[in-house]
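Trainee: Below is one structure. I have some questions about it.
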Amino acid sequence: MKIAMISTGSLIDQFPPKQGAIESLEFELIQQLQKRKHDIKLFASFPKMQNSVSLGTLFIQNHRLHNAYSMINAHLKAKQLDADVVHAHYPLTALPFLGRKPLIYTEHNWYNIEGMNFHSTPFTSIFNFAQKKVYSKADKIIALCSEMRNHFLEIGIPEKKIELIPNFVNAQKFKPLKKKKNSILFVGRFDPR
């Protein structure tokens, strides 16, 4: 199957990734899909992989403006889409691909979902508009936790469109260390509520 993987369009959107949780998850997903003989075309800011399309620029160092640039560039490069299905990971870069092919959308931006009130920026209304548009047009929406799935149901997304697939870890790369002493590990982000 030919799959177009549409990344976030952010400044850290590099493949192979140097940082970024979403990018690391996408990269691992791409590798696993390729092992299963799927043909992947990656649309990302700074891809260094075969069969990829660059959406980013190093001339814009503001994160939100870079996302906007990537969205515009995705519109311009969407004609390079040659896939059976599109899997998008960010609403602004997903917009140009709506209605072109079946769309799977993975929602990573839990902190920006309208009604969750985690934080607000001047870009929040634009982001929420894009999310609503993507939610309405996506064939499948992947929720990463049950709370996200429940929120999608509460805002009226049909249950048949929602799949609950928690983030995963490659157990070949990450193995438990031998316990030497008590430790505390935090995995997540700090956002004021």
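The values are calculated or read from the model by the stated rules, or taken from the named source; none is laboratory data. Computed from a predicted structure; not experimentally measured. FYI the Cβ positions are ideal-geometry reconstructions off the backbone, even for glycines, and counts take in every protein chain you see. SASA here: full protein model, heavy atoms, side chains in, ligands and nucleic acids out. Shrake-Rupley method; radii C 1.70, N 1.55, O 1.52, S 1.80 Å.
Trainee: Pairs, please: C-beta under 8 Å, at least 6 apart or cross-chain, first residue among the β-branched types (Val, Ile, Thr) and in the stretch 165-189, second open to solvent by less than 100 Å² (accessible area, probe 1.4 Å)?
Mentor: Ile165/Thr106; Ile165/Ile142; Ile165/Ala143; Ile165/Leu144
Trainee: What number of residues within the stretch 1-18 are in contact with a His (Cβ under 8 Å, 6 or more places away or on another chain), open to solvent by less than 40 Å² (accessible area, probe 1.4 Å) and closer than 17 Å to Val86 by Cβ? Step through it out loud before you land on a result.
Mentor: Here is the first cut: in the stretch 1-18, the ones in contact with a His (Cβ under 8 Å, 6 or more places away or on another chain) are 1-11.
Imposing the further condition that a residue be open to solvent by less than 40 Å² (accessible area, probe 1.4 Å) reduces the set to 3-11.
Next, from what is left, pick out any that are closer than 17 Å to Val86 by Cβ: 3-9.
Matching residues across the stretch 1-18 total 7.
Trainee: If you go through the stretch 136-149 one residue at a time, how many are in contact with a Leu (Cβ under 7 Å, 6 or more places away or on another chain) and either open to solvent by 60 Å² or more (accessible area, probe 1.4 Å) or assigned to a helix (DSSP H, G or I) (or both)? Spell out the reasoning first.
Mentor: First, the residues of the stretch 136-149 that are in contact with a Leu (Cβ under 7 Å, 6 or more places away or on another chain): 137-139, 143, 146, 149.
Next, only the ones that are either open to solvent by 60 Å² or more (accessible area, probe 1.4 Å) or assigned to a helix (DSSP H, G or I) (or both) stay: 137, 139, 146, 149.
The qualifying residues number 4.
Trainee: Just to verify a result, which residue in the stretch 150-177, among those that are charged (D, E, K, R) and part of a loop (DSSP other than H, G, I, E, B), is farthest from Gln131 (Cα to Cα)?
Mentor: Narrowing the stretch 150-177 to residues charged (D, E, K, R): 154, 159-161, 163, 173, 175.
Narrowing the set further to residues that are part of a loop (DSSP other than H, G, I, E, B) leaves 173, 175.
On the way: Lys173: 33, Lys175: 36 Å.
Result: Lys175.
Trainee: Taking the criterion of being modelled with pLDDT under 90, within 30 Å of Asn51 (Cβ to Cβ) and not in a helix (DSSP H, G or I), would at least one residue in the stretch 111-123 satisfy it?
Mentor: No, there is no match, as no residue in the stretch 111-123 is modelled with pLDDT under 90, within 30 Å of Asn51 (Cβ to Cβ) and not in a helix (DSSP H, G or I).
Trainee: To continue, here is another question. Anything in the stretch 64-83 that is among the aliphatic types (A, V, I, L, M) and under 20 Å from Lys2 (Cα atoms)? List them, or say none. So that I can check it myself, show each step before the final result.
Mentor: Here is the first cut: in the stretch 64-83, the ones among the aliphatic types (A, V, I, L, M) are 65, 68, 71-72, 74, 76, 78, 81, 83.
Those that are among the aliphatic types (A, V, I, L, M) and under 20 Å from Lys2 (Cα atoms): Ala74, Ala78, Leu81, Ala83.
Trainee: Let me ask you something else. Output the number of the condition that Glu147 fails; it satisfies all remaining conditions of (1) over 16 Å from the mean Cα position of the chain (by Cα); (2) at pLDDT 85 or above; (3) more than 19 Å from Ala21 (Cβ to Cβ).
Mentor: (3) is the only condition that Glu147 fails.
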